[in-house]
Amino acid sequence: VRERERERERMCEPDIISTVEFNYSGELLATGDKGGRVVIFQREQESKNRPHSRGEYNVYSTFQSHEPEFDYLKSLEIEEKINKIRWLPQQNAAHFLLSTNDKTIKLWKISERDKRAEGYNLKDEDGRLRDPFRITSLRVPVLMPMDLMVEASPRRIFANAHTYHINSISVNSDHETYLSADDLRINLWHLEITDRSFNIVDIKPANMEELTEVITAAECHPHQCNVFVYSSSKGTIRLCDMRAAALCDRHTKFFEEPEDPSSRSFFSEIISSISDVKFSHSGRYMMTRDYLSVKVWDLNMENRPVETYQVHEYLRSKLCSLYENDCIFDKFECCWNGSDGAIMTGSYNNFFRMFDRNSRRDITLEASRESSKPRAMLKPRKVCTGGKRKKDEISVDSLDFNKKILHTAWHPKENVIAVAATNNLYIFQDKIN
């Protein structure tokens, strides 16, 4: 049975979702997977015949963004897995997004075609060229309606700028530039220029044996195009200002929470590594996710976070086994809701957590086929750590660590969330009366 399960896992490996992202309006939702594909879902408009169809997302376009490659100089396979997708603000009828694997970033244009030209002079309707001597009159081609076709075409390819694996891309608020980060460097690109980028952070030591930390995530400020942050595997966040110097190796602000010596253990360094950093929509706060918690920082206060939320504190006693099965290195992402009043992040056993910043209430929900019948209310879940287990609780020892929610996204304006559970995408929304 175990062999069969492993075989099934291998078969669906390319379908595992590796990133989820709403566009600026929330009408489109993009997912990337380990097979290098991007699938875009579009929100249905409400109709009189189906009053509850508003909010349903259906497949709009699917395309192969990246293919597996081989670096012959380094004898390295380059995976096709999509690490990140970022939408550009919409300027015209077409949509643009950036997608990246470990090495190459691509700018894609997604456009619709529902008309085609007919009545050419030099070719027939089936495309064959006509004999010029048989053309006796001049025709004016006309646009005829046709079935809607959604085309995805690569407009720019930004390659050869990263020696290490790209972990983040972030579009700047000027909408002209974006940054890309790998383990040791951050580059700034112009969206129109593919053959050069500016290296704005380089933490690579002269001797690699002196390497003590790596960059884990980076993001541009939502309103100030000169400000960006990056987080490190040591649990620190650096805020840099590009006006200060061309190379931002010297940070402007340094955010770090002093460690409690009483809770220090063998795993302290591993679990303090930050897996994601996100600015709030207002630009006043930023949120970081480490292995066990989510922290909200005020950009004006560097010495400690203003809020700390425990995601799965019950796993602290299980760190030894999580280290042995490599789960301790899982990189969970986090996201804000549109008003910055709530935050969401994933956990194990297909659980995900939501925290209300005003009431300080929190809830654990499960994304699974059993609990997620269409239009059914989600029941809060509770994990029992010891003693007597109540009827609705699940024991910490029976959690499935292979079922994990690493990627989540929140609609920018409404209470609609997207949750990626392995190779399934779940979309939940506020109950409609």
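The values are calculated or read from the model by the stated rules, or taken from the named source; none is laboratory data. Note that the structure is predicted; figures quoted are calculated from it, not measured. Ideal geometry is used to build each Cβ from the backbone, glycine not excepted, and the neighbour counts take in all protein chains shown. Keep in mind that these areas ignore ligands, DNA and RNA; they rest on the heavy atoms of the full protein, side chains included. Shrake-Rupley method; radii C 1.70, N 1.55, O 1.52, S 1.80 Å.
For Glu219, are the conditions met, namely being of a type in the set (D, E, K, R) and assigned to a strand (DSSP E or B)? Full working, then the answer.
Values: of a type in the set (D, E, K, R): yes; assigned to a strand (DSSP E or B): yes.
Taking the combined requirement at face value, the residue satisfies it.
Within the stretch 71-109, can you find the residues that are among the acidic types (Asp, Glu) and open to solvent by less than 50 Å² (accessible area, probe 1.4 Å)?
Asp71, Glu80, Asp102
Sort out which residues of the stretch 36-45 are open to solvent by 10 Å² or more (accessible area, probe 1.4 Å) and either within 13 Å of Ala152 (Cα to Cα) or in a loop (DSSP other than H, G, I, E, B) (or both), and write them in order of number.
Arg37, Val39, Glu44, Gln45
Could you check the stretch 103-152 and list, in sequence order, the residues that are in contact with a His (Cβ under 8 Å, 6 or more places away or on another chain) and small (Gly, Ala, Ser)?
Ser111
Could you go through the stretch 108-126 and let me know if any residue there is among the hydrophobic types (A, V, I, L, M, F, W, C) and over 30 Å from Val142 (Cβ atoms).
Yes: the stretch 108-126 contains one or more residues that are among the hydrophobic types (A, V, I, L, M, F, W, C) and over 30 Å from Val142 (Cβ atoms).
Out of Leu122, Leu138, Leu129, which single residue is open to solvent by 60 Å² or more (accessible area, probe 1.4 Å) and in contact with a helix residue (DSSP H, G or I) (Cβ under 9 Å, 6 or more places away or on another chain)?
Within the list Leu122, Leu138, Leu129, the selection yields Leu122.
Which number in (1) modelled with pLDDT under 90; (2) more than 23 Å from Phe41 (Cβ to Cβ) marks the one condition that Asn349 misses?
It is condition (1) that Asn349 fails.
If you check every pair at least six apart or on different chains, which have Cβ atoms under 9 Å apart with a residue in the stretch 101-112 that is over 24 Å from Leu148 (Cβ atoms) first and a residue that is aromatic (Phe, Trp, Tyr) and outside any strand (DSSP E or B) second?
Here the result reads Asp102/Tyr164, each pair linking the stretch 101-112 to a residue that is aromatic (Phe, Trp, Tyr) and outside any strand (DSSP E or B).
Considering each of Ser99, Ser111 in turn, give the residue that is modelled with pLDDT of 95 or more and not β-branched (Val, Ile, Thr).
Ser99 is the lone residue from the list that is modelled with pLDDT of 95 or more and not β-branched (Val, Ile, Thr).
Could you list, in sequence order, all residues of the stretch 179-208 that are within 15 Å of Cys240 (Cα to Cα) and either of a type in the set (Ser, Thr, Tyr) or surrounded by 21 or more Cβ atoms within 10 Å (Cβ to Cβ) (or both)?
Leu179, Ser180, Ala181, Ile186, Asn187, Ile200, Val201
Could you list, in sequence order, the residues of the stretch 158-173 that are part of a strand (DSSP E or B) and among the aliphatic types (A, V, I, L, M)?
Those that are part of a strand (DSSP E or B) and among the aliphatic types (A, V, I, L, M): Ile169, Val171.
So how many residues does the stretch 114-140 have that are of a type in the set (Asp, Glu) and in a loop (DSSP other than H, G, I, E, B)?
Residues in the stretch 114-140 being of a type in the set (Asp, Glu) and in a loop (DSSP other than H, G, I, E, B): 4 in total.
Looking only at the stretch 226-285, how many residues end up being aromatic (Phe, Trp, Tyr) and open to solvent by 40 Å² or more (accessible area, probe 1.4 Å)? Give the derivation first.
Within the stretch 226-285, the first condition is being aromatic (Phe, Trp, Tyr), and the residues that meet it are 228, 230, 254-255, 266-267, 279, 285.
Restricting the remaining residues to those that are open to solvent by 40 Å² or more (accessible area, probe 1.4 Å) gives 254, 266, 285.
Qualifying residue count, the stretch 226-285: 3.
Quick check on this structure: which one of Phe351, Phe329 is within 21 Å of Glu307 (Cβ to Cβ) and within 25 Å of the chain's Cα centre (by Cα)? Give the derivation first.
Numbers: Phe329 fails: within 21 Å of Glu307 (Cβ to Cβ).
Within the list Phe351, Phe329, the selection yields Phe351.
I'd like to verify a number: residues in the stretch 416-433 that are open to solvent by 30 Å² or more (accessible area, probe 1.4 Å) and either of a type in the set (Gly, Ala, Ser) or over 18 Å from the mean Cα position of the chain (by Cα) (or both), how many?
5
Yes or no: the stretch 311-320 includes at least one residue that is under 27 Å from Phe279 (Cβ atoms) and surrounded by fewer than 20 Cβ atoms within 10 Å (Cβ to Cβ).
The first filter runs over the stretch 311-320 and keeps only residues under 27 Å from Phe279 (Cβ atoms), leaving 311-313.
Add one more test, that the residue is surrounded by fewer than 20 Cβ atoms within 10 Å (Cβ to Cβ), and what stays is 313.
The answer is yes; a qualifying residue exists.
Among the residues of the stretch 240-270, count how many are assigned to a loop (DSSP other than H, G, I, E, B), among the hydrophobic types (A, V, I, L, M, F, W, C) and in contact with a Ser or Thr (Cβ under 7 Å, 6 or more places away or on another chain). Before you say what the answer is, go through the steps one by one.
Going residue by residue through the stretch 240-270, those that are assigned to a loop (DSSP other than H, G, I, E, B) are 242-252, 256-260, 264-267.
Remaining after also requiring among the hydrophobic types (A, V, I, L, M, F, W, C): 242, 244-248, 266-267.
With the extra rule that they be in contact with a Ser or Thr (Cβ under 7 Å, 6 or more places away or on another chain), the set shrinks to 244.
Number satisfying all stated conditions: 1.
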